[in-house]
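Single-structure report; data block below.
Coordinate-derived values only; no laboratory data. Fair warning: this is a prediction, and the values are worked out from it, not measured in the lab. For neighbour counting, all protein chains shown are included, and Cβ atoms are generated from backbone atoms with ideal geometry for every residue, glycine included.
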Amino acid sequence: MFAVFKTGGKQYRVAADDVLNVDKIKGEPGEIVEFGEVLLVGGDSVTLGTPTVAGASVAAEVVEQARGPKIIAFKKRRRKNSRRKRGHRQEFTRIRITEILTEGEKPSREAKAKPGAGAASAQDTAAASAS
């Protein structure tokens, strides 16, 4: 199953467990965010929104908040002894798509736990309580 959703003025085609960079959104690493502006849901049958699919949303886990590479904007006017150098780093949020929801469903809390990480944390708590 895949979906096309819109955030930050851009559209993204995603499936479960995809990792992508989107323009900065609020959220701490490990937090689940939900994108409600879903334009298309595909799979066995395709549902096209007019303009959005009613009741559909995309749930994602925030992996990290980061900044992109430095872009240098250098302007020079020849023979005028005039030049300007500016740098810019665009902020973005790296997210992992956990699930594609339809019919008004809410994101599950199990999606927040990383595969394998839940078992390790359970073992750590058991070991800590035993000692």
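Of the lysine pairs in segment 2-104, how many meet both conditions: Cα atoms under 30 Å apart, and a spacing of 8 or more in sequence or different chains?
Final tally of qualifying lysine pairs is 16.
So, counting K/R as plus one and D/E as minus one, what does the shell of residues with Cβ under 13 Å around T93 add up to?
0
For segment 1-103, report the convex hull volume of the alpha-carbon atoms normalised per residue, in Å³, without decimals.
Spread over its residues, the Cα hull of segment 1-103 gives 124 Å³ apiece.
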